[in-house]
Amino acid sequence: MNLDRAKQIFYRAVRRTGIPKRRLEARPERGAILLYHRVVPRELSAFAPNHGIEIPLARFERHMEYLAAECRVVSLVEIIERLAAGKALPPRAVAITFDDGTSSDFTLVYPLLQKYGFPATFYIATGFVDADTLPWWYEFEDIIRNCNETNVSLPAESMTWDMRSVGG
């Protein structure tokens, strides 16, 4: 993949976090904090109610490639300490964070962070540690994805999915 395409993908992801592209370009000394929720091993299917908080592994790796080429990934602690001390951040500083603490953080994310030598901060939902469950919204998606119905409706949410197009 060429660097221009990687930049487009990265900035699209940054835009979804609420950080405009121009902020990283015009004010690189201010840095950015990227928030991820869940990295999944597969591309997202037509049925992906959690698509706003999930990212396919291949796309996440493209983000990491871009960060390695264009940014300086620092720990969240470093950003906090520098700002508290009134010190400038390194140019194009970026911190990586993850919410919830799913097993994919260890099996999929950690190897990539090691590969690129990136620090990251993980916020762990401790109620799921040592439990054989995911947060309810992930379990719900998996249950619906694996049902044998041709249509699934949630009337209270005015949502209906044609399950014939779901590829698992």
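As an exercise: evaluate Ile80 against (1) assigned to a helix (DSSP H, G or I); (2) within 13 Å of the chain's Cα centre (by Cα) and give the number of the one condition it does not meet.
(2)
Taking the condition modelled with pLDDT of 90 or more, of a type in the set (Ser, Thr, Tyr) and open to solvent by 70 Å² or more (accessible area, probe 1.4 Å), does Tyr110 pass?
Yes: the conditions hold for Tyr110.
Per-residue answers, yes or no, for (1) modelled with pLDDT under 90; (2) within 21 Å of His37 (Cβ to Cβ); (3) touching a strand residue (DSSP E or B) at 6+ places or on another chain (Cβ under 7 Å):
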position: His63; (1), (2), (3): no, yes, no
position: Ala95; (1), (2), (3): no, yes, yes
position: Thr126; (1), (2), (3): yes, yes, no
position: Leu134; (1), (2), (3): yes, yes, no
position: Arg145; (1), (2), (3): yes, yes, no
position: Asn148; (1), (2), (3): yes, no, no
position: Ser158; (1), (2), (3): yes, no, no
position: Met163; (1), (2), (3): yes, no, yes
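Does any residue in segment 77-95 that is farther than 19 Å from Gly117 by Cα and free of Cβ contacts under 8 Å to residues at least 24 places away in the same chain come within less than 9 Å, Cβ to Cβ, of a residue that is open to solvent by 70 Å² or more (accessible area, probe 1.4 Å) and of a type in the set (Asp, Glu) six or more places away or on a different chain, and which pairs are these?
Close Cβ pairs satisfying both conditions: Lys87/Glu81.
Could you grab the pairs with beta carbons closer than 9 Å, sequence gap of 6+ or different chains, first residue in segment 109-128 and touching a residue at least 40 places away in the same chain (Cβ under 8 Å) and of a type outside the set (Val, Ile, Thr), second one loosely packed, with under 13 Cβ neighbours inside 10 Å and not in a loop (DSSP other than H, G, I, E, B)?
Here the result reads Pro119/Val77, each pair linking segment 109-128 to a residue that is loosely packed, with under 13 Cβ neighbours inside 10 Å and not in a loop (DSSP other than H, G, I, E, B).
The values are calculated or read from the model by the stated rules, or taken from the named source; none is laboratory data. Computed from a predicted model, the values in this text were never measured in an experiment. We place every Cβ from the backbone using ideal geometry, glycine too, and count neighbours over all the protein chains shown. These accessible areas exclude ligands, DNA and RNA; they are computed on the full protein's heavy atoms, side chains included. Shrake-Rupley method; radii C 1.70, N 1.55, O 1.52, S 1.80 Å.
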